[in-house]
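Here is the structure we will look at.
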């Protein structure tokens, strides 16, 4: 029993009032039996943060405390066929839990507990289908389940297909250290996590939660609905407010201190006055186990204690046998001292009463010695001193925590010395921490940019350079060795080192100045010491990695990051692998072709309407296979690629972008508008860093940068603006190589493979040396591990990729930043080799344009869709498409250009760019929006277009869904739907659930790992199948019947309704797209550590979002995995060439990489709401709105 006098009355009153004030009337109706969605979201975040639980709001069921929660789980298990449930002995198995199981016809078996927790070996012998236990603080013995037994228990559950029911009853009240994480966080698919506020607040609250494995969620929710239709909504909302506000955490801190003080007082008093009594189980909660001398009858001891109001309970009460052997010598002793006399106000005498009454009780049964009143007054004073000391320590710890977090925050005001400067540099920052840097020379400008990037994002920069160099093992240990091996095999860093020798001398100077700025900042912050002075991440890293030193920044570190960017935007390599594996796995090439349909030119326009190559220049029409032995090697390479860190995003339909430019003939200002929103994976911090760079040296610009790279990647200068989307040309080919030892077959002969060794440093271990082999077609990816090499047998897989040849993309970036007109823009684009991007253009003179750049191969045999035989020289690359023959257009007659990863040009173009485009549904929707906007388009209009949530699949599919028979009333949601997908849309929630179910039923033939992701390729696949109702794809291979299209459509409607009923409640009108479609920003290094408190430090969310996959507001999700967002518009920008100061922008998270900085996530809210922030240009406006000004000065001479 907790100390009920400590209940936070004032905080609870505030929470209830706030809940009543803000609750929607609709929420007062019978709701989701799982509980209010707000509380479930808050609980999920809290449990991840505090208990390291893998908690998804969709899998949480709110209940009325532990007893109901356990009952719900037991009924669900019984309904699924469970027959035997094991309980700890001693433990729950002697009380109401045992009775609840018996009422359900479940046989209960006791499992002994010893000093290391539940005996898993004994559990194995029971044949149990489930076990109920308290691993974090065993009830009542107080022991913690030993690590090896935690692993053994999870392994037992996996072998038995059994369920572990984890009662997490008081771990939040651990006093001595951070509590051990939940078992559920280790094996979320096997563990049910039960928790309540009965111990933390009061039993009368009657609020608890069940975190279910996904397979049990529906059954537990169904039992809850049958039992009481759901827990009180206002109480749930009040608890959510209490937790979200931080008041719940504050209450727990206060109570932990109170209980700890009482325990210390009790333990000290017993040690002094009853030395024969040993206490254990003191680490958490408010009970302990007292081990008394032998020969004391349990019944007499309990009776004597209760006469003195001491909560002493015989251990027999918790044993399955109920044994009361005369030599029994252990009792559970309550220490919360919640009972109060009228004179004991405010908890002034709890320690005294506990110790006094305990002493008298123990004295009566012969275990204590009577002492004088004076000595007890001393004990009381000691107890209060201890409590006061604890409070002081808590305050100091809080202050230290604040200092630890804030110590790395950058200075935004004042003066700092920056060695190497020729003159002062001024840095103005606005309300979102965006720096505008003013310098006198280009060298000073980039030196200051390096300094500013390091101020805000150095951990991100350091982490990225370890990725690009294949050195993650230096930071995180042996677990990253396979990833490092793959990255060393690819050789990004080696290529970057070669590029340093071929780029221009001017670019080398800019890169060196940037590196000098980074290193100057490092010198001022520990000189390479990886401490919290640099970033909070180094504090966390230091808990596990010793001896790490931060290296100085090198210009090659910046070049290597461009290789990572090229890798994540590399084109169709994943499609090439998957086509081959599907064909090798049983599908015919015709069937594979049906899954990769051609681009629908009749529906969705390409970027450039037409054109031809004449006289070595492009002129716009609108001017103004091998044998099956290779399959294991290819499959192994695919799996290896999937494990690599995706710094920009996952490969697939979600990784794309939107960009369009509208001529002045269509805008209110008479000048062009340029919009851009690249679609990348969500991360924390976001991929972009906003900045302005200004000097009278040819660099006067504003836009989005990459931390670690000088210059502006996307943005504008005073004359032109530009944007990027991924062109996605086929610039990679996989070659199947026949190898024999260290030789590779070429034609009828053999060639030696080139070899070199790499040494990988490993944190906490010795260095590891690997051998990288390279053939004429590139590095052998299948050499990346012994497992991959063994899988391939006599075949290996080599990668030919344009980015593995040194290039001059960094020269292109600097040239683009200084371009003044279309000719200068195209000259910069000619240097832009990898990654090949669609470049859109606008200038203050009123011109708009498009240019396709990049190094794109011209092949001999083959078309890049399938792996090629490496021994056949006919498949070699012959040359590259000349830049002047790549598609481009200036000032098209229609007055706008749209790029959204669709086909660049029609089939008449003489060169192969790729077969694997995005299918044009986003681009065609943007075309429609621009056409509908008329001739007076504004920045605000374009901002609204960027947030358009129209699902272009729906008008094709919904008529069929409304046509087929359906027994579910949910189908009525689709009648009259406008096909938009805001967060509060019930039709959007249902339609996307139907789409997901339809894909699962239709493409059941596809193996695991190759299931449809639901993007626009699958829109086009299903569009074709809707015209072929008897296609074999419609047949469900799991039934003897042959299903038709209409049967599968009807089944999908029912499947989706059942899923959403279980997840979101009975009433379809209450379903919300945002309850399914959520985004969480995860730190790329520590955000998925599995340690709840660490993830809480660095991650933000989850939060509901609008939009969807292959929609203009492209918040992508993978239908094979769930509805959670995995690709996003990483930033949004609208540049007004008629008023640069009126341009707008926003990014996903915030400009700072420091957790808890005001600018860590201050743009996340505006981004989710579709708001754009001022992108200031005018120097007077910048100075007027600056919230901080930092002056960087050269050293005094």
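Tabulated results
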quantity	calculated
Test: residue 517 is in contact with a helix residue (DSSP H, G or I) (Cβ under 7 Å, 6 or more places away or on another chain) and either over 30 Å from residue 440 (Cα atoms) or assigned to a helix (DSSP H, G or I) (or both)	yes
Odd one out for residue 1077, checked against (1) in contact with a helix residue (DSSP H, G or I) (Cβ under 7 Å, 6 or more places away or on another chain); (2) closer than 27 Å to residue 959 by Cα	(1)
Top-ranked residue of segment 1-24 - restricted to ones that are in contact with a helix residue (DSSP H, G or I) (Cβ under 8 Å, 6 or more places away or on another chain) and in a loop (DSSP other than H, G, I, E, B), ranked as nearest to residue 36 (Cα to Cα)	23
Sole exception among (1) more than 23 Å from residue 1017 (Cα to Cα); (2) in contact with a helix residue (DSSP H, G or I) (Cβ under 7 Å, 6 or more places away or on another chain); (3) crowded, with 20+ Cβ neighbours inside 10 Å for residue 579, by number	(1)
Residue list for segment 211-235, filter: under 13 Å from residue 31 (Cβ atoms) and touching a strand residue (DSSP E or B) at 6+ places or on another chain (Cβ under 6 Å)	221, 224, 231
Criterion (touching a strand residue (DSSP E or B) at 6+ places or on another chain (Cβ under 8 Å), in the same structural domain as residue 86 (by TED's automatic domain parsing) and not in a loop (DSSP other than H, G, I, E, B)) met by exactly one of 132, 143	132
Residue 1151 vs. criteria over 30 Å from residue 921 (Cβ atoms) and not in a helix (DSSP H, G or I)	yes
Search result, residues across segment 909-947 that are surrounded by 22 or more Cβ atoms within 10 Å (Cβ to Cβ) and either out of contact with any strand residue (DSSP E or B) (no Cβ under 9 Å at 6 or more places or on another chain) or at positive phi (or both)	913, 917, 919, 920, 921, 925
Any chance residue 570 is assigned to a loop (DSSP other than H, G, I, E, B) and in contact with a strand residue (DSSP E or B) (Cβ under 9 Å, 6 or more places away or on another chain)	yes
Selection within segment 662-674 - crowded, with 24+ Cβ neighbours inside 10 Å, touching a helix residue (DSSP H, G or I) at 6+ places or on another chain (Cβ under 7 Å) and under 16 Å from residue 1141 (Cα atoms)	672, 673
Segment 1115-1126, residues that are closer than 21 Å to residue 1162 by Cα and crowded, with 23+ Cβ neighbours inside 10 Å	1115, 1125
Any hit, segment 1031-1042, residues being assigned to a helix (DSSP H, G or I) and buried (at least 22 other Cβ atoms within 10 Å of the Cβ)	no
In segment 401-421, residue farthest from residue 541 (Cα to Cα) [restricted to those that are modelled with pLDDT of 95 or more, touching a strand residue (DSSP E or B) at 6+ places or on another chain (Cβ under 7 Å) and part of a loop (DSSP other than H, G, I, E, B)]	421
Checking residue 1190 against (1) more than 20 Å from the chain's Cα centre (by Cα); (2) assigned to a strand (DSSP E or B); (3) closer than 21 Å to residue 677 by Cα, the condition it does not meet	(3)
Test: residue in segment 30-48 that is in the same structural domain as residue 136 (by TED's automatic domain parsing) and surrounded by fewer than 18 Cβ atoms within 10 Å (Cβ to Cβ)	yes
Residue list for segment 422-435, filter: within 17 Å of residue 1174 (Cα to Cα) and part of a loop (DSSP other than H, G, I, E, B)	430, 431, 432, 433, 434
Residue match in segment 789-797 (condition: part of a strand (DSSP E or B), touching a strand residue (DSSP E or B) at 6+ places or on another chain (Cβ under 7 Å) and buried (at least 23 other Cβ atoms within 10 Å of the Cβ))	yes
Single unsatisfied condition, residue 737 versus (1) surrounded by 24 or more Cβ atoms within 10 Å (Cβ to Cβ); (2) assigned to a loop (DSSP other than H, G, I, E, B); (3) modelled with pLDDT under 95	(2)
Residue selected from segment 1138-1147 under the condition crowded, with 23+ Cβ neighbours inside 10 Å and touching a helix residue (DSSP H, G or I) at 6+ places or on another chain (Cβ under 8 Å), by the criterion nearest to residue 1059 (Cα to Cα)	1147
Residue satisfying all of: in segment 1061-1115; in a helix (DSSP H, G or I), modelled with pLDDT under 95 and farther than 26 Å from residue 52 by Cβ; nearest to the chain's Cα centre (by Cα) among these	1064
Where residue 841 falls short, out of the listed (1) in contact with a helix residue (DSSP H, G or I) (Cβ under 6 Å, 6 or more places away or on another chain); (2) surrounded by 23 or more Cβ atoms within 10 Å (Cβ to Cβ); (3) assigned to a loop (DSSP other than H, G, I, E, B); (4) modelled with pLDDT of 95 or more	(3)
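Yes/no matrix, rows are residues, columns are (1) crowded, with 22+ Cβ neighbours inside 10 Å; (2) at pLDDT below 95; (3) assigned to a helix (DSSP H, G or I):
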{"position": "437", "(1), (2), (3)": "yes, no, no"}
{"position": "455", "(1), (2), (3)": "yes, no, yes"}
{"position": "480", "(1), (2), (3)": "yes, yes, yes"}
{"position": "485", "(1), (2), (3)": "yes, yes, yes"}
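The values are calculated or read from the model by the stated rules, or taken from the named source; none is laboratory data. Keep in mind that what you see is a predicted model, and the values were worked out from it rather than measured. For neighbour counting, all protein chains shown are included, and Cβ atoms are generated from backbone atoms with ideal geometry for every residue, glycine included.
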